[in-house]
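The values are calculated or read from the model by the stated rules, or taken from the named source; none is laboratory data. Bear in mind that the values here come from a model prediction, so they are computed numbers and not experimental data. As a convention, Cβ positions derive from the backbone with ideal geometry for all residues, glycine included, and neighbour counts pool all protein chains shown. Just the protein is used for accessible areas: all its heavy atoms, side chains included, with ligands, DNA and RNA removed. Shrake-Rupley method; radii C 1.70, N 1.55, O 1.52, S 1.80 Å.
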Amino acid sequence: MDAMAATHSPLHPPFRLLMGPGPSPVEPRVYEALAQPVVGHLDPYLFEVMRDIRDSLCSVFGSTNEMTLALSGTGTAGMEAAVVNFVGPDTKVAVLSNGYFCERIAEMALRQGAGVVRLERPWGEGFEDGAAEEFILRERPGVVAFVHGETSTGVLQPGAAICTAAHEVGALVIGDCVTSLGNVPVQVDATGIDIAYSCSQKGLGCVPGLAPLTVSPRAVEALENRSHRVPSFYLDLLLLRDYWNGAKYHHTASASLYYALREALGIIEEEGLEARFDRIARNHEAFVVGAEAMGLEMHVAPGWRLPPLNAVRVPEGVDDGALRKHLLDSAGIEVLGGFGPLAGRVLRIGIMGAGSTRDNVSLLLEGLEAALAAQGFPVKSAGVAAATSFYEGR
Ligand SMILES: *Cc1c(COP(=O)(O)O)cnc(C)c1O
């Protein structure tokens, strides 16, 4: 026996109920797809799988865009591809900034040497149509960026007014749909988003590793006429288009991840988009009813909430780290805390994708109740009972 064989221990990841901002729970069918035999990145079978992925992504994105693909990499790769391909040193970028991920886009644009202007709102608020329009018409940028589902705060930002104003000044719109895709309607074409990207592990219920992306014909034209040299080879969308359309080698894409994404998208198609969005909205509402019954407060005002990502304020005198540790240790439930100005002030609870179920809402409310009680927080009334009444229409 060699030393390696003697010391290697089997892998035993713990089972976690993933109720944070992502990754979300993965269905067994998706894990089974991952275990299928790998084919080469230029195998005709893989291109069939990629065509299926493209068709399904078009339907979830609500788009007929020909340039629709899945990048190798996580949501951040989607963001980076959007920025490096469409933002050059001479581009003026207008960022609607109200959270961590909008600021990450701004940071990437600055790294391209671009000029960045911001319209800011406190973390947890959204942009009214009028204010967004006034900002864009005044600044006349070349690119406008906004985050559709801001996972750092739990705000859902409608995009139609932003896109209309942007197009009026000839700007392209980058819309971050990382948490919204597959969880809430995205409607890329109807909204007017030119470059929308997402990830595999939040609303789509796949494992992390791929970044769906879709580009409007107008943005493809800009890509073909771009004047700056794209500093990334890996994320160059024209090279990736040649791979997806022309079977031309660019990088060794992971067949396993494509299988998994195809399966996850198949599950979404079987459920139906409307049914999925209704399920996710309803479980979000039940959770809010339960959390409020316990005496907790939501961070985001009604009307601005992102159903898959529930930002709950940490009550005065309660330690959010201890709360999260209690949930993880006693119930195996993962939720995360806040970033930046919201650090220590909110819990970020994901009720998304396959994880959005009535059972999971109950487990969460029970777990939270026990964790809060352990810290001496006076829980007002049982959250599960309130959620049950909501589900049963009482
Ligand atoms: C998660 C997330 C990202 C980054 O995605 P990764 O998969 O973590 O790289 C970007 N934007 C938003 C809104 C997100 O929620």
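Decide, for segment 142-255, between rounded, prolate and oblate: order the square roots of the alpha carbon gyration tensor eigenvalues as a ≥ b ≥ c, take rounded if a/c falls under 1.5, and otherwise choose prolate if a/b is larger than b/c, else oblate. Here segment 142-255 falls in the oblate category.
Within a straight-line Cα-Cα reach of under 28 Å, Lys325 can be paired with the following lysines, leaving aside sequence neighbours fewer than 8 residues apart in one chain: Lys202, Lys380. How would segment 273-393 be classified by its alpha-carbon gyration tensor: rounded, prolate or oblate, with rounded meaning a/c under 1.5 and the a/b versus b/c comparison settling the rest? Cα axes put segment 273-393 in the prolate bin. Membrane-span-like helices in the chain: DSSP H runs reaching 20 Å or more (Cα, own axis), mean Kyte hydropathy at least -1.0? The answer, listed by residue number, is 44-61, 255-271, 273-294, 358-374.
Based on the Stokes-Einstein relation at 10 °C and a viscosity of 1.306 mPa s, and on the Kirkwood radius from alpha carbon pairs, segment 1-113 is assigned a translational diffusion coefficient of 85 µm²/s. Its Cα centre serving as origin, the chain has a Cβ charge dipole (Lys and Arg +1, Asp and Glu -1) of approximately 460 debye.
Computed over the chain, relative contact order equals 22 percent, with contacts defined as Cα pairs under 8 Å that lie 6+ residues apart. For segment 1-110, run through the chymotrypsin sites (Phe, Trp or Tyr not before Pro) and keep only the ones in DSSP coil with at most 13 other Cβ atoms within 10 Å of their Cβ. Taking segment 1-110 and a limit of 13 other Cβ atoms within 10 Å, the loop chymotrypsin sites (Phe, Trp or Tyr not before Pro) found are Phe15. Using the Cβ of Gly75 as centre and a radius below 11 Å, the other residues enclosed give a net charge of 0, where K and R count +1 and D and E count -1. Taking a Cβ cut-off of under 12 Å around Leu328, the surrounding Lys, Arg, Asp and Glu residues balance to a net charge of +1, with basic ones at +1 and acidic ones at -1.
For Lys248, a cut-off of 16 angstrom between C-alpha atoms picks up these aspartates and glutamates, skipping any fewer than 8 places away in its own chain: Asp43, Glu48, Asp236. Of Arg324, Arg140, Arg262, the residue with the largest accessible area leads and the full order is Arg140, Arg262, Arg324 (1.4 Å probe).
Rounded to the nearest 500, what is the 222 nm mean residue ellipticity of the chain from helices alone, with -39500 (n - 2.57) per DSSP H run of 4+ residues and division by all residues? That calculation yields -13500 deg cm²/dmol at 222 nm. Along the chain, the exposed loop sites are GluC sites (Glu not before Pro) outside DSSP states H, G, I, E and B with at most 16 other Cβ atoms within 10 Å, and the longest stretch free of them is 129-296. Relative contact order for segment 273-393: 35 percent, from Cα pairs under 8 Å spaced at least 6 residues apart, divided by residue count.
The tail of the calculated P(r) for the chain beyond 38 Å holds 22 percent of all Cα-Cα pairs.
Hey, for a label at Asp242 modelled as a point 7 Å past Cα toward Cβ, could you say which residues of segment 211-231 have their backbone N under 20 Å away? The answer is 215, 220-231, whose backbone nitrogens lie closer than 20 Å to the label point. At a probe radius of 1.4 angstrom, the accessible area of segment 130-216 per residue rounds to 22 square angstrom. Label reach from Leu273 (point 7 Å along Cα→C-beta): in segment 159-176, amide nitrogens under 17 Å belong to 159-160, 175-176.
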